[in-house]
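Chemist: One structure is given below, represented as structure tokens, and several questions about it will come after.
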Amino acid sequence: MAGNATSQQIDEFISLFDSPLDAVKTIAAHVRSSRRELSQKGTQNTRDTPVIVSMEHVSRSYKVGKQSIMALNDVSLSINEGEIVAITGASGSGKSTLLQMIGCLDKPTQGQIMIDGKDPSRLSDGKLSELRQKTIGFVFQSFYLQPFLKLDQNVSVPAMFARTPIRDIDLAVTSLLEQVGINEYRQHFPKELSGGQIQRAAIARALINQPKIILADEPTGNLDSTNGNAIIELFKKIRSDFGTTVIIVTHDEHIAQQADRIIVLKDGAIL
Ligand SMILES: Nc1ncnc2c1ncn2[C@@H]1O[C@H](COP(=O)(O)OP(=O)(O)O)[C@@H](O)[C@H]1O
Ligand SMILES: [Mg+2]
């Protein structure tokens, strides 16, 4: 049944069962079994899964005055569905620029990118923002939580933009806040939470539209090692539950070591 089924369709569905409770039990069993399938998918060898991100000879230069800075210099890579990839490198090596390219927030000055089978440079503005909304979840410092919204409202925002029906949003918010372990704080404002809790909320928000790809720029940067580890464990759980591809920029060697693969950048190029 689609998310926006009419109440008549819901009544017809329920009438197929002896009682509404039986209908709910059947749906719950179905959800549990599809979660099991996804979790098996998440642990399989990602070399066998389709390519979800590919870049060929991608460069991005910025003009500053008369100078041109090569933030990315001839980068080619491919990432498979369900992979956890860490991107490391010194400050200024092009990590954030690379993530912005994958997130279709910025365009290359040269080269080609494919995201989930689509070439962002060939999409209309509308289709491009749909790709950003539905396929990609962002955990970026520049889009951290809104201070004037409670946690559950913060997590809802991308689903509102995607015009998801309110009832579906409420269910998804509760389930995500439970999964990241902060549902008891759903009515709190961000300033009432710790750094680790805020980061979990940012991850829940990135997941609300069930993206295929999560992009996280220094998600453990402001956390101590215990909270940093908890965040990486959470990403692993998300991958195993949903088969999500996770691409994390990090300075932290210990975090990077836990990825399936590490990409090291130096002066805008892959080492
Ligand atoms: N909007 C911009 N305008 C000019 N230069 C930029 C801009 N964004 C990034 N750069 C430059 O590109 C290089 C790579 O930056 P960035 O991707 O932010 O690196 P990192 O995230 O690894 O620290 C740096 O030299 C930086 O100064
Ligand atoms: Mg950066």
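Chemist: Do any chymotrypsin sites (Phe, Trp or Tyr not before Pro) in segment 124-201 lie in a loop, going by DSSP, with at most 13 other beta-carbon atoms within 10 Å of their beta carbon, and if so which?
Modeler: Counting only loop positions with at most 13 other Cβ atoms within 10 Å, the chymotrypsin sites (Phe, Trp or Tyr not before Pro) in segment 124-201 are PHE148.
Chemist: Which translational diffusion coefficient, to the nearest whole µm²/s, is obtained for segment 125-209 from the Stokes-Einstein equation, given a Kirkwood hydrodynamic radius over C-alpha pairs, 10 °C and 1.306 mPa s?
Modeler: 124
Chemist: Distance cut-off 18 Å, Cα to Cα: go down the list LYS150/LYS191; LYS150/LYS236; LYS134/LYS212; LYS95/LYS266; LYS66/LYS95 and report the pairs above it. The partial results should precede the final answer.
Modeler: On the way: LYS150/LYS191 10 Å; LYS150/LYS236 26 Å; LYS134/LYS212 8 Å; LYS95/LYS266 9 Å; LYS66/LYS95 24 Å.
Those over the limit are LYS150/LYS236; LYS66/LYS95.
Chemist: Rounded, prolate or oblate: pick one for segment 56-131, where a ≥ b ≥ c are the square roots of the eigenvalues of its C-alpha gyration tensor, a/c under 1.5 means rounded, and failing that, prolate if a/b is larger than b/c, else oblate.
Modeler: Cα axes put segment 56-131 in the oblate bin.
Chemist: For a quick check of your reading of the filter: which trypsin sites (Lys or Arg not before Pro) in segment 41-121 sit in a DSSP loop and have no more than 16 other Cβ atoms within 10 Å?
Modeler: Listed in order of number, the matching sites are LYS66.
Chemist: Next question, about the same structure. Explain nothing, just the number: dipole magnitude of segment 135-271 about its Cα centre with +1 on each Lys and Arg Cβ and -1 on each Asp and Glu Cβ, in debye rounded to the nearest 20.
Modeler: 360
Chemist: Return the ratio Rg/(2.2 N^0.38 Å) for segment 80-121, where Rg is computed over Cα atoms only.
Modeler: 1.26
Chemist: Rounded to the nearest 20 Debye, what is the dipole magnitude of segment 92-211 about its Cα centre when Lys and Arg each give +1 and Asp and Glu each give -1 at the C-beta?
Modeler: Here segment 92-211 has a charge dipole of around 220 debye.
Chemist: Now for a separate question. Highest first, please rank the peptides 173-183, 121-131 by the mean number of other Cβ atoms sitting within 10 Å of their residues.
Modeler: Packing proxy ranking, top to bottom: 173-183, 121-131.
Chemist: Determine the equivalent ellipsoid of segment 155-263 by diagonalising the alpha-carbon gyration tensor, then write out the semi-axes as square roots of 5 times the eigenvalues, largest first, rounded to whole Å.
Modeler: Numbers: eigenvalues 114, 57, 24 Å².
Result for segment 155-263: semi-axes of 24, 17, 11 Å.
Here, each number is a calculation from the coordinates, and none is a lab measurement. Bear in mind the structure is a predicted one, so any value in this text is a computation, not a measurement. Please note: Cβ atoms are built from the backbone with ideal geometry, for glycine as well, and neighbour counts cover all protein chains shown.
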